[in-house]
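Before we start, here is the structure in question, set down as structure tokens.
The values are calculated or read from the model by the stated rules, or taken from the named source; none is laboratory data. Everything numeric in this text was worked out from a predicted model, so none of it was measured. So basically every Cβ, Gly included, is an ideal-geometry build from the backbone, and we count neighbours across all protein chains shown. Just so you know, the surface numbers come from the protein's heavy atoms only, side chains and all, with ligands and any DNA or RNA stripped out. Shrake-Rupley method; radii C 1.70, N 1.55, O 1.52, S 1.80 Å.
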Amino acid sequence: MYKRDLELDRQWHWLTEQIEAQLGKRPKDLNGVLFLIGVQELGKGRRFFSKEEKQDILHIGICRVLSLSGYYHLEGSDQDGWPHWRLVKKLPHFDLLEQEKLLKMHVLEYF
């Protein structure tokens, strides 16, 4: 288990370096990367987002990466172009550390 965690950390570090090389800034944490995924999936480019929109974008990022293992399904977009996701299967009950590992593994798969 420890060896797997070490490999995940190594891959995560590599990913954040790649993002920094592309954008000129390294994401502070997992939420920063999920936010970038959400912005990418939204497809509206760089612009100012309200606090509520930022929360929605983070949700889009989470749903998108968890869709890789069938937890969420994209139902479509609303009239403003915002994607809407439906929970397809119940998420496993994990502690915070396990949730973070699951999300990181899916983020790495996304990229």
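Relative contact order for the chain: what is it in percent, counting Cα pairs under 8 Å that are at least 6 residues apart?
Taking the mean separation of contacting Cα pairs over the length of the chain, I get 23 percent.
Could you work out which residue, out of Ser50, Ser67, Ser77, moves most in a Gaussian network model of the chain, that is, has the largest mean-square fluctuation with Cα springs under 10 Å?
Ser50
I would also like to ask the following. Per DSSP H run of n ≥ 4, the term is -39500 (n - 2.57); total these for the chain, divide by its residue number, and report the mean residue ellipticity at 222 nm rounded to 500 deg cm²/dmol.
Working: 4 runs with 66 residues, N = 111.
Roughly -20000 deg cm²/dmol at 222 nm, from the helical runs in the chain.
In addition: Taking Cα centroids, how far is region 7-73 from region 79-111 in Å?
Using only Cα atoms to place each centre, the spacing works out to 11 Å.
Roughly how many percent of the accessible protein surface of region 1-61 is carbon and sulfur, given a 1.4 Å probe and a whole-percent answer?
Details: 2320 of 4580 Å².
Solvent-exposed carbon and sulfur of region 1-61 make up 51 percent of the total.
Can you bin every Cα-Cα distance in the chain into 10 Å intervals starting at zero and give me the percent of pairs per bin, rounded to whole numbers?
Computed distribution, short to long bins: 13, 44, 34, 9, 1.
Suppose all protein chains stay in the model; what accessible area per residue would a 1.4 Å probe give for region 17-67, in Å²?
On the way: 3320 Å² over 51 residues.
Ligands and nucleic acids excluded, the figure is 65 Å² per residue.
Something else about it: Residue-wise, which Karplus ³J(HN,Hα) couplings in Hz belong to region 11-22, taking 6.51 cos²θ - 1.76 cosθ + 1.60, θ = phi - 60°, and x for glycine or proline?
Ordered by residue, 3J(HN,Hα) equals 5, 5, 4, 4, 4, 5, 5, 5, 5, 4, 5, 7 Hz.
Just going by the charge dipole of the chain, with Lys and Arg at +1 and Asp and Glu at -1 on Cβ, which of Ile60, Trp82, Met105 is farthest out on the positive end?
The residue sitting most towards the positive pole is Met105.
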